[in-house]
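Before any comments, here is the structure.
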Amino acid sequence: MNLSLSFSSLSKTHSPCSLSSPISRQLSFYPNAPQLSLSRLPRNFGSQRGIFLRKALPFSRQNNPPITAAQVSNQTENDDFVLEDVPHLTNFLPDLPSYPNPLQKSQAYSIVKKTFVSPEDVVAQTIVIQKHSPRGVHFRRAGPREKVYFKPEEVRACIVTCGGLCPGINTVIREIVCGLNIMYGVEDILGIEGGYRGFYSKNTVRLTPKVVNDIHKRGGTFLRTSRGGHDTHKIVDNIADRGINQVYIIGGDGTQKGAALIYEVAVAGIPKTIDNDIAVIDKSFGFDTAVEEAQRAINAAHVEVESVENGVGIVKLMGRYSGFIAMFATLASRDVDCCLIPESPFYLEGRGGLFEFIEERLKENGHLVIVVAEGAGQEYVAAEVHAADKKDASGNKLLLDVGLWLSDKIKDHFTKDRKMAINMKYIDPTYMIRAIPSNASDNVYCTLLAHSAIHGAMAGYTGFTVGPVNSRHAYIPIARVTERQNTVELTGRMWARLLASTNQPSFVSTDQEIFDKEIIQDINNMNITSI
């Protein structure tokens, strides 16, 4: 049975997160959801360690579509204002006591003109609007609140990392531990080793500022990770058995979906994907580092191909469904002649095809560099290889190596058909990029993410993801960042800038329009595997 909590009964009185008039408040998080009995919730939840956990399955965004302005409760004259709110512990425990925020006595924060975020502060999802446009969707601004719902000595927090590696994971771990301890005086912090499965395999480590002091200088994850294969009910039981009342989850969209199962303790998600394909937020941590490190591979390819006759360099970068790394790395480099991404299908032969472009560029410059995202061209590779249906532990399709396939196709075409000698250089730096520590920009960003998550959890919010929306950090409902993947907009200015920079063809044949979303979705749904 798919159970969800309904918050339609939360009204205007007891919730500390209510927004006063004239701002409307979105109260019904999951419409049409059956009620779950709260009779076993302890009234002294704040003085315990968060034993109550629901064992219900998560709500489905498909069954419960996003709430529109027409569904917002307590609407005032601002009928076009929508607040997509996040759950609060007082939604489950109306009598939960609050306490003064320890930051009031912090020497560091004493210099801040306005230490605490106002309950009225929200962040707009869309900032460019016309005069009479609706105000649209907003999210709660992240930051410290004047009141908290945990005493520092009663907090037992845990941190878990899931999914693939990404620069900056260790920085987030470090700053959560140091932030909890230094800002809020929390000393009981556990690291869950090996991803979600570590919850019930008893793999934990006690985390202190001293233990995590220099982990930000290393790549990977200090806590180790895993993909999929976890038992949600065991995780929930283990959280309750350990007396954990704050859970910090670092992971991608699959990990964030798992976080939606367990948020009657304070659950904060820190979105992680090197591909930058998480919706709503401006960008994911590790992306800047990945783009910067990709420059080394592109530069190496360029040096190689300009040193030989008819040099062709191919650099394969990350990007399963989204070509952001390939696009930004291409724009940053200025040495790339062609960029191929999953969102923009291409073809090889004929007028306006890739082979024609390569031949023209070789005649003009004597060499060229191609950047290809790992998810590009999968429909062609799968058709030739007749790949089996295989997926990884997280349920993602295993991709074929488009870089090797493209290298072979180019060599065969020019040596056999065009009788041209090609010096092919293929570079795949993907695992080298994933494994490095984060750069300075991402280190700062990871600190902001960690602190925003801490402030939100201590203030009693749960079931939320943190991230910048239009450069302001906000608390976002988990469902909003997992309902779809962020992709490169082929009709947007950034892709136009890339086309202008590389002067590559659009790869639209004379008898077809630009590929629409349905065609792209059909490509993504193909059964493909890895070689």
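The values are calculated or read from the model by the stated rules, or taken from the named source; none is laboratory data. All values reported here derive from a predicted model rather than from experimental measurement. Neighbour counts run over all protein chains shown; Cβ positions are idealised from the backbone, glycine included. We work out accessible area using only protein heavy atoms, side chains counted, and drop any ligands, DNA or RNA first. Shrake-Rupley method; radii C 1.70, N 1.55, O 1.52, S 1.80 Å.
With the cut-off at 22 Å, tell me which of the pairs LYS363/LYS416; LYS113/LYS147; LYS316/LYS411; LYS217/LYS316 have Cα atoms farther apart than that.
Table pairs above 22 Å Cα-Cα are LYS217/LYS316.
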Check: Along region 123-128, what does the Karplus equation 6.51 cos²θ - 1.76 cosθ + 1.60 (θ = phi - 60°) give for ³J(HN,Hα), rounded to whole Hz, x for Gly and Pro?
Finding: 10, 7, 6, 10, 10, 9
Checklist line | Assigned charges on the beta-carbon of Lys, Arg, Asp, Glu; region 268-320 dipole about Cα centre (debye) | finding: 260 debye
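Taking all protein chains in place and a 1.4 Å probe, what share, in percent, of the accessible surface of region 102-215 do carbon and sulfur account for? Walk me through the numbers before you get to the answer.
Values: 2740 of 5380 Å².
Result for region 102-215: 51 percent of the exposed heavy-atom area is carbon or sulfur.
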Notebook entry, point to check: Mind listing the Cα extents of region 178-233 along all three principal axes, in Å, largest one first?
Noted result: 35, 26, 15
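Note the direction-averaged projected area, equal to a quarter of the hull surface, for the Cα convex hull of region 81-207, in nm².
Values: hull surface 46.0 nm².
For region 81-207, averaging the hull's shadow over all directions gives 11.5 nm².
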Check: Of all the C-alpha pairs in region 244-366, what % are more than 22 Å from each other?
Finding: 50 percent
Next item on the list: Kindly write out, for region 105-117 in residue order, the coupling ³J(HN,Hα) from the Karplus curve 6.51 cos²θ - 1.76 cosθ + 1.60 (θ = phi - 60°), rounded to whole Hz, with x marking Gly and Pro.
Entry: 9, 6, 5, 5, 7, 5, 7, 6, 5, 10, 5, 10, 6
Note to self: About the Cα centre, and with charges only on the beta carbon of Lys, Arg (+1) and Asp, Glu (-1), how big is the dipole of region 336-381? Nearest 20 debye, please.
What the structure shows: 100 debye
Next item on the list: Hey, for a label at ASN423 modelled as a point 7 Å past Cα toward Cβ, could you say which residues of region 277-301 have their backbone N under 19 Å away?
Entry: 297-301
Next item on the list: Taking H placed 1.01 Å from N in the peptide plane, check which residues at least 5 places from CYS338 or on another chain put their amide H under 5 Å from its amide H.
Entry: VAL369, VAL371
Item checked: Magnitude of the charge dipole, region 311-387, Cβ model with Lys/Arg +1 and Asp/Glu -1, debye to 20 -> 200 debye
Next item on the list: Summarise the accessible area of region 294-379 (1.4 Å probe, protein heavy atoms) by the percent that is carbon and sulfur.
Entry: 41 percent
Item checked: Residue-wise HN-Hα coupling along region 140-157, computed from phi with Karplus coefficients 6.51, -1.76, 1.60 (Hz; x: Gly, Pro) -> 5, 5, 7, x, x, 9, 5, 10, 10, 10, 9, 7, x, 6, 9, 7, 10, 9
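Relative to 2.2 N^0.38 Å, what does the C-alpha radius of gyration of region 332-479 come to as a ratio? Two decimals please. List each step's numbers first, then the result.
Details: Rg = 21.6 Å, N = 148, 2.2 N^0.38 = 14.7 Å.
Taking N as the residue count of region 332-479, the ratio is 1.47.
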